[in-house]
Amino acid sequence: MGIDNCPKCNALFNKTTFRLVCDTCFREEEAQFEKVYQFIRKRVNRTATMAQVVEATEVDEDLIIRYVKSGKLRLAQFPNLGIPCEQCGQPINEGRLCKKCTENFSKELQTFEKEEERRLEMTENSTKSTYYTKNIKKQQE
């Protein structure tokens, strides 16, 4: 929070947790949101893909994705308006990662946990082992 420069127009504004741009740019974004919403609200456009919405409304795809992530647009109502997976870029309808990337991360995490358990077990075993040697000189005397 505090005074900051707008990332779009470089004007000074009072930055809050809700607004990341100045009032002028915020109003412009709201107008673009209305343009997108009016387009996809029509029955014939409810199954439009992201590319079709961008082409028809001329609104930047990143801005539409931000509307979806912020909850202004709900993907349950517009099934083909997917956002890209943050790992591979495949279109998804919920979350941040697609099913394939989620499975890959899960496998990598399991492998890491097994390796960590094995490493801990090895360090425990190395401190438990005690070796004894016979003193040959004492036996000869």
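The values are calculated or read from the model by the stated rules, or taken from the named source; none is laboratory data. Note that this is a predicted model, so its numbers are computed, not measured. Here the Cβ positions follow ideal geometry from the backbone for every residue, glycine too, while neighbour counts run over all protein chains shown.
Numerical summary
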quantity: Residues within segment 6-40 that are at pLDDT 90 or above and farther than 26 Å from V53 by Cα, tallied; calculated: 0
quantity: Long-range neighbours under 7 Å by Cβ, at least six apart or interchain, first residue in a strand (DSSP E or B) within segment 1-22, second of a type in the set (S, T, N, Q) and surrounded by 12 or more Cβ atoms within 10 Å (Cβ to Cβ); calculated: L12/N5
quantity: Lone unmet requirement of (1) aliphatic (A, V, I, L, M); (2) at pLDDT 85 or above; (3) within 22 Å of the chain's Cα centre (by Cα) for L120; calculated: (3)
quantity: Any chance G71 is touching a Pro at 6+ places or on another chain (Cβ under 8 Å) and small (G, A, S); calculated: no
quantity: Complete set of residues in segment 43-72 that are farther than 21 Å from R19 by Cβ, in a loop (DSSP other than H, G, I, E, B) and either under 16 Å from the mean Cα position of the chain (by Cα) or at pLDDT below 90 (or both); calculated: R46, T47, A48, T49
quantity: Residue check for K8: on the phi < 0 side of the Ramachandran plot, surrounded by 11 or more Cβ atoms within 10 Å (Cβ to Cβ) and touching an Asp or Glu at 6+ places or on another chain (Cβ under 6 Å); calculated: no
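This table checks each residue for (1) surrounded by 11 or more Cβ atoms within 10 Å (Cβ to Cβ); (2) under 29 Å from M50 (Cβ atoms); (3) over 15 Å from the mean Cα position of the chain (by Cα); (4) modelled with pLDDT under 90.
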{"residue": "C101", "(1), (2), (3), (4)": "yes, yes, no, no"}
{"residue": "T111", "(1), (2), (3), (4)": "no, no, yes, no"}
{"residue": "E115", "(1), (2), (3), (4)": "no, no, yes, no"}
{"residue": "S126", "(1), (2), (3), (4)": "no, no, yes, yes"}
{"residue": "S129", "(1), (2), (3), (4)": "no, no, yes, yes"}
{"residue": "Q139", "(1), (2), (3), (4)": "no, no, yes, yes"}
